[in-house]
Amino acid sequence: MTVKEIVASIKAKQPDIKAVYFVGCGASMSELFPGKYFLENNAKKLRTSLYTANNFNYSTPAGVDNTAIVVTCSLSGGTPETVAASKLAMELGAHVVSVTIDPNSPLAKASDYQIIHGFAASYGAKMEKPANVLALACEILNEYEGYEHYDDMQDGLSKIYDLINDSVKLLVPTAQKFAEENYDAPILYCMASGATQYVAYSFSSFLMMEMQWLPASAFHTGEFFHGPFEMADENAHYLLLMNDGPTRPMDARALTFLQRMNAKTTVVDAKDFGLSSHIKKSVVEYFNPLLIGGVLRVYAEQIAIKRNHPLTMRRYMWKLEY
């Protein structure tokens, strides 16, 4: 089913949806954030929250009932905590939509509706998960409250994959420079704002700490001057993700300070890839995490090559009982 068909089916069963909960673990939870951020910014009545799966399981929101949509997400569809959350939400009467690559996975089977996405075909395909979640959030809002920029969002969704794939074509030398400068960093600080803030979190926690065993930390650029900026000096390593849209002034302020302190700073700027030349201004904010998330994969690949440490290498995951 398409997201439009999914939302139409839910509305036929429940005309009065009050809340939308996004539930996942790790990178999948991060990729739910653009949809949550979009709803949070635009919904006037719908409540929305983002949960790591076991927090949802152990401290379940009271609003999870037949007036709630619960979106559960796992790339493989086998993450035990997320499967359990999906089952719990169904038991409580919520309308559960799973997002995964495998239609036969435990997660897909533990949901009312399934969004099956790609991943391996291209850099653009790697962003199908958050793009589909964003599309679902837009459809929910439009169906239940109306959304004046709905057509602009659909236009953006039709263009974003090609923009990502075009953006990475000449990116390898830049990503190699990032790898050369950061492969042995004592810690890499990752910063972003707005819809992109969880891309910084995801890059630090998963592509760096999980997949490269490199110390990393992430924080919102709006919080930089409320504590973390004390770490900035000529020996500190930063990855700054700059948005094209309303939260950009926070990113720019952080960059100015990092340059002032002569910190070792890599900037990935959505403007450099022409985001606002392809996406309408009314919705451009929500496409930053898709574009930046897509191109960052090249940065991770190059640091893995530099360190001779494949992104698939693990010490504990899939190897130990925990």
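The values are calculated or read from the model by the stated rules, or taken from the named source; none is laboratory data. Note that the coordinates shown come from a computational prediction; the quantities given were computed from them, not determined experimentally. When we count neighbours, we look across all protein chains shown, and the Cβ atoms used for this are built from the backbone with ideal geometry, even at glycine. Only protein heavy atoms, including side chains, enter the accessible area calculation; ligands, DNA and RNA are left aside. Shrake-Rupley method; radii C 1.70, N 1.55, O 1.52, S 1.80 Å.
Numbers at a glance
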quantity	calculated
The range 128-149: number of residues that are closer than 19 Å to residue 73 by Cα and open to solvent by 20 Å² or more (accessible area, probe 1.4 Å)	2
Any hit, the range 187-206, residues being out of contact with any helix residue (DSSP H, G or I) (no Cβ under 9 Å at 6 or more places or on another chain), open to solvent by 50 Å² or more (accessible area, probe 1.4 Å), modelled with pLDDT of 95 or more and not charged (D, E, K, R)	no
Every residue from the range 141-195 that is part of a helix (DSSP H, G or I) and either small (Gly, Ala, Ser) or closer than 22 Å to residue 205 by Cβ (or both)	156, 158, 164, 167, 175, 178, 179, 181, 182, 194, 195
Test: residue 75 is part of a helix (DSSP H, G or I) and aliphatic (A, V, I, L, M)	no
The range 85-127, subset part of a helix (DSSP H, G or I) and more than 21 Å from the chain's Cα centre (by Cα), residue surrounded by the most Cβ atoms within 10 Å (Cβ to Cβ)	89
Looking only at the range 45-64, and only at residues there that are polar (S, T, N, Q) and under 13 Å from residue 25 (Cβ atoms), the one that is most open to solvent (accessible area, probe 1.4 Å)	55
Residue in the range 300-322 that is nearest to residue 202 (Cα to Cα), counting only those that are open to solvent by less than 50 Å² (accessible area, probe 1.4 Å) and either part of a loop (DSSP other than H, G, I, E, B) or among the basic types (Lys, Arg) (or both)	311
Only listed residue being touching a residue at least 60 places away in the same chain (Cβ under 8 Å) and either in contact with a Lys or Arg (Cβ under 7 Å, 6 or more places away or on another chain) or closer than 15 Å to residue 86 by Cβ (or both), chosen from 56, 22	22
Pairs where the first residue, in the range 32-50, is at pLDDT 95 or above and the second is polar (S, T, N, Q) and open to solvent by 40 Å² or more (accessible area, probe 1.4 Å), C-beta under 8 Å, 6+ apart	33/197
Some residue of the range 9-17 being of a type in the set (A, V, I, L, M), in a helix (DSSP H, G or I) and either at pLDDT 95 or above or more than 14 Å from the chain's Cα centre (by Cα) (or both)	yes
Top-ranked residue of the range 196-236 - restricted to ones that are acidic (Asp, Glu) and in a helix (DSSP H, G or I), ranked as farthest from residue 264 (Cα to Cα)	210
In the range 221-277, residue nearest to residue 160 (Cα to Cα) [restricted to those that are open to solvent by 20 Å² or more (accessible area, probe 1.4 Å) and aliphatic (A, V, I, L, M)]	267
Residues located in the range 208-255, provided they are within 18 Å of the chain's Cα centre (by Cα) and either small (Gly, Ala, Ser) or at pLDDT below 95 (or both)	216, 217, 218, 245
Tabulated pairs, the range 70-81, first of a type in the set (Asp, Glu), second open to solvent by less than 40 Å² (accessible area, probe 1.4 Å) and not in a loop (DSSP other than H, G, I, E, B), C-beta under 6 angstrom, 6+ apart or interchain	81/53
Positions within the range 155-169 being closer than 26 Å to residue 97 by Cα, touching a residue at least 12 places away in the same chain (Cβ under 8 Å) and open to solvent by 40 Å² or more (accessible area, probe 1.4 Å), in sequence order	155, 159, 161
